[in-house]
Amino acid sequence: MTTPAQDILVHQEQGVSTITFNRVDKKNSITTSMYTQLADALEAATNDAAVRVVVIQGDVAIFSAGNDIKDFLERPPLTRDAPVFRFLRVLATFPKPLLASVCGPAVGIGTTLLFHCDLVYAGDNAAFSMPFVNLGVCPEAGSSLLAPQMLGYHRAAEALLLGEPFMAEAALEVGLVNRVVPPTECNMLTQMQAKKLSSKSLVSLMETKRLLKKTNQAELLARIDEEADSFGRMLGEPAAKEAFTAFMEKRAPDFSQF
Ligand code: COA
């Protein structure tokens, strides 16, 4: 079964629902309508008893270039009810096992969504980055809370303040990914792990995940909202406008005034 919307594909097999970013010509950057499709797919997976596990994957050469920057200019997510923030709340509260298979660049939300996954497998070409400051905005997806918890404060600060990419081996070292394999094997490995999980008791998997995530949950949802408020405000400010315009004009941004 494949959904008619082509930028996001959803395929269901043996209890595993696989969501694939399918906008390779734009480096799998995510538009407003794709956020809605992603949130819908996760909600459908929550409510469908036949779905026991969800996998998110991209292409062998690109996971996702993050938010579509043109879309940021045309349809900025200014309030908490914007599709991107709905997706993030659905993602952060998704109750079944969630796996990701990451090859190539994972930029912005392409990296921060991984903080919400239970298992992450990476191709050795994976490059993770959170360049929010370079775009004149601030962290999202609860990453200002989860990055320091997962990476340690200094590594999180380096990744979020400098916004430079770190590679699969570094992500493995800090525990952001479970295993690094050749890119052509990554989706297969992730599917294999997903199928293992789907043969287990869903009740037990869900209760284990709930308990694992419980400590952080209320604070995480509050942080996602707080970040959304800041992000929405900053999108309208001159630094972000300069960064997005520079990207569209394929030049370096000039932040000297901001
Ligand atoms: N939003 C909109 N379009 C994007 C995009 C994004 N986030 N990322 C890439 N694209 C588009 C490019 O504009 C280009 O379109 P064109 O062919 O019409 O000119 C196309 O995708 C290919 O991108 P390109 O930059 O040439 O590919 P690359 O292989 O050299 O680099 C990336 C890949 C992902 C490293 C690079 O595209 C990138 O850094 N993208 C921006 C990431 C970003 O800042 N995201 C926002 C995070 S909040």
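The values are calculated or read from the model by the stated rules, or taken from the named source; none is laboratory data. None of the values given here were measured: they were computed from a predicted structure. As a convention, Cβ positions derive from the backbone with ideal geometry for all residues, glycine included, and neighbour counts pool all protein chains shown. Surface areas here come from the heavy atoms of the whole protein model, side chains and all, with no ligands, DNA or RNA. Shrake-Rupley method; radii C 1.70, N 1.55, O 1.52, S 1.80 Å.
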Euclidean distance between Cα centres, the stretch 165-234 to the stretch 14-81, Å: 15
Give me the orientation-averaged projected area of the Cα convex hull of the stretch 95-155, in nm², one decimal. 4.5
Rg/Rh for the stretch 71-202: what does it come to with C-alpha atoms and Rh from Kirkwood? 0.98
Percent carbon-and-sulfur accessible area, the chain, ignoring ligands, DNA and RNA, probe 1.4 Å: 58
Just need the relative contact order of the stretch 103-145 here, percent rounded to a whole number, with Cα pairs under 8 Å and 6+ apart. 50
If R0 = 35 Å, then Ala50 and Arg75, at their Cβ-Cβ distance, give a FRET efficiency to the nearest 0.05 of 0.55
What does the C-alpha gyration tensor say about the overall shape of the stretch 172-258? Classify as rounded when a/c is under 1.5, otherwise prolate if a/b is larger than b/c, or oblate. oblate
If you take the square roots of the eigenvalues of the alpha-carbon gyration tensor of the stretch 86-126 and sort them as a ≥ b ≥ c, do you get rounded (a/c under 1.5), prolate (a/b over b/c) or oblate? oblate
For the chain, using Cα atoms only, the Rg and Dmax in Å read 17.4, 57
I'd like the accessible area for Phe132, computed on protein heavy atoms only with a 1.4 Å probe and all protein chains in place. Round to 10 Å², please. 10
Per its Cα gyration tensor (rounded if a/c is under 1.5, else prolate when a/b beats b/c, else oblate), the stretch 14-64 is best filed as oblate
So for R0 = 45 Å, FRET eff. of Gln257-Glu43 from the Cβ-Cβ r, to 0.05, ends up at 0.60
Gaussian network model of the chain, springs between alpha carbon atoms under 10 Å - residue of Gly123, Gly104, Gly175 with greatest fluctuation: Gly175
Could you tell me the accessible area of His154 in Å² (1.4 Å probe, neighbours in place), rounded to the nearest ten? 150
Return a single number: how many Lys pairs in the chain, at a sequence separation of 8 or more or on separate chains, have alpha-carbon atoms below 12 angstrom apart. 5
Accessible area per residue, 1.4 Å probe, Å², for the chain: what's the number? 46
